[in-house]
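The values are calculated or read from the model by the stated rules, or taken from the named source; none is laboratory data. Just so it is clear, the structure is predicted and the values come from calculations on it, not from any experiment. Here Cβ is always computed from backbone atoms with ideal geometry, including for glycine, and neighbour counts include all displayed protein chains.
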Amino acid sequence: MRFFIALDLPEESKTQLQAVQESVKQLIPEAKITAGDKLHITIAFLGEQPDELQADLENVIKKAVVDIPPFILTPAYIDGFPSIHHPNTLWVGVKGDVDKLLVITDRIKDRLRELALQVDERRFVPHIAIAKFSDYHTPEEVEKNLQTMIFGKFNPITISSIKLYESVADGGFHKHNTLAEITLPT
């Protein structure tokens, strides 16, 4: 199974993000927009692993959220990987209780290492991927528009659970199925 751990987003937030995606598509017609049902904040992508690992992964998440109550994140700005100037991925970053998400992410990575799983060692930047590009250079005027596009448009999101997903190939695309949802303690 192809596993990943992520924060799901409420429908209201997805609707707000889709409005931004429509603006991005108008501004940059070559953008490949992320499907609305795939908008989330990835914590860890594990790739193809034995199905039997699912229970261990659920325990990893349960241990990572001990003593962390629900918290608030708010989509706040647009950026890109590897940069906004030459993005392969355009994404929306979040503000708010990011420190709590960083603690959870570090705990998850530590426990994944204990399971001898490969962990992405790059600095974790909480984000929601909204579009992909091939060989795109962002003109200065477009970049200015992107920087102001989402200012003040998002409601805060209460993060009260973390999900374990599987990613299933589906006709050249991937479908995301929820395998488990671990609720944060209140």
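Counting the residues of the range 1-47 that are within 20 Å of Glu181 (Cα to Cα) and not aromatic (Phe, Trp, Tyr) gives 23.
Taking only the range 1-35 into account, find how many residues are surrounded by fewer than 13 Cβ atoms within 10 Å (Cβ to Cβ), part of a loop (DSSP other than H, G, I, E, B) and polar (S, T, N, Q). Total satisfying the criteria: 0. Going by the conditions given, is Ala180 surrounded by fewer than 19 Cβ atoms within 10 Å (Cβ to Cβ) and under 26 Å from Gln16 (Cα atoms)? Judged against the criteria, Ala180 is a match. Of the residues making up the range 73-99, those that are on the phi < 0 side of the Ramachandran plot and more than 15 Å from the chain's Cα centre (by Cα) are Pro82, Ser83, Ile84, His85, His86, Pro87, Asn88, Asp97, Asp99.
Conditions (1) among the basic types (Lys, Arg); (2) touching a His at 6+ places or on another chain (Cβ under 7 Å); (3) touching a residue at least 12 places away in the same chain (Cβ under 8 Å), marked per residue:
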{"site": "Ile108", "(1), (2), (3)": "no, no, yes"}
{"site": "Arg122", "(1), (2), (3)": "yes, no, no"}
{"site": "Pro139", "(1), (2), (3)": "no, no, no"}
{"site": "Leu164", "(1), (2), (3)": "no, no, yes"}
{"site": "Ile182", "(1), (2), (3)": "no, no, yes"}
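Only a single criterion out of (1) surrounded by fewer than 17 Cβ atoms within 10 Å (Cβ to Cβ); (2) within 22 Å of Thr34 (Cα to Cα); (3) at pLDDT 95 or above is not satisfied by Gly47, namely (3). Being touching a strand residue (DSSP E or B) at 6+ places or on another chain (Cβ under 7 Å), at pLDDT 95 or above and closer than 20 Å to Ser160 by Cα is the requirement here; does Thr89 meet it? For Thr89, the condition - touching a strand residue (DSSP E or B) at 6+ places or on another chain (Cβ under 7 Å), at pLDDT 95 or above and closer than 20 Å to Ser160 by Cα - is not met.
Beta carbons closer than 7 Å, at least 6 apart along the sequence or on distinct chains, pair a first residue in the range 46-57 that is without any contact (Cβ under 8 Å) to a residue 60 or more places away in the chain with a second that is among the hydrophobic types (A, V, I, L, M, F, W, C) and surrounded by 15 or more Cβ atoms within 10 Å (Cβ to Cβ) for Asp51/Met1. Could you list, in sequence order, all residues of the range 109-136 that are in contact with a helix residue (DSSP H, G or I) (Cβ under 7 Å, 6 or more places away or on another chain) and either under 29 Å from Gly36 (Cβ atoms) or not in a helix (DSSP H, G or I) (or both)? Listed by number, the residues that qualify are Leu112, Leu115, Val119, Phe124, Pro126, Ile128, Ile130, Ala131. Could we say that Val65 is in contact (Cβ under 8 Å) with a residue 40 or more places away in the chain and surrounded by 19 or more Cβ atoms within 10 Å (Cβ to Cβ) here? Against the criterion (in contact (Cβ under 8 Å) with a residue 40 or more places away in the chain and surrounded by 19 or more Cβ atoms within 10 Å (Cβ to Cβ)), Val65 qualifies.
Residues are listed down the side, and each one gets a yes or a no for (1) surrounded by 19 or more Cβ atoms within 10 Å (Cβ to Cβ); (2) within 14 Å of Ile43 (Cβ to Cβ); (3) touching a Cys at 6+ places or on another chain (Cβ under 8 Å):
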position	(1), (2), (3)
Trp91	yes, no, no
Val94	yes, yes, no
Asp99	no, no, no
Ile104	yes, yes, no
Glu114	no, no, no
Leu117	no, yes, no
Arg123	no, yes, no
His127	yes, yes, no
Ala131	yes, no, no
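Taken over the range 36-60, residues that are over 21 Å from Glu121 (Cβ atoms), among the acidic types (Asp, Glu) and assigned to a strand (DSSP E or B) amount to 0.
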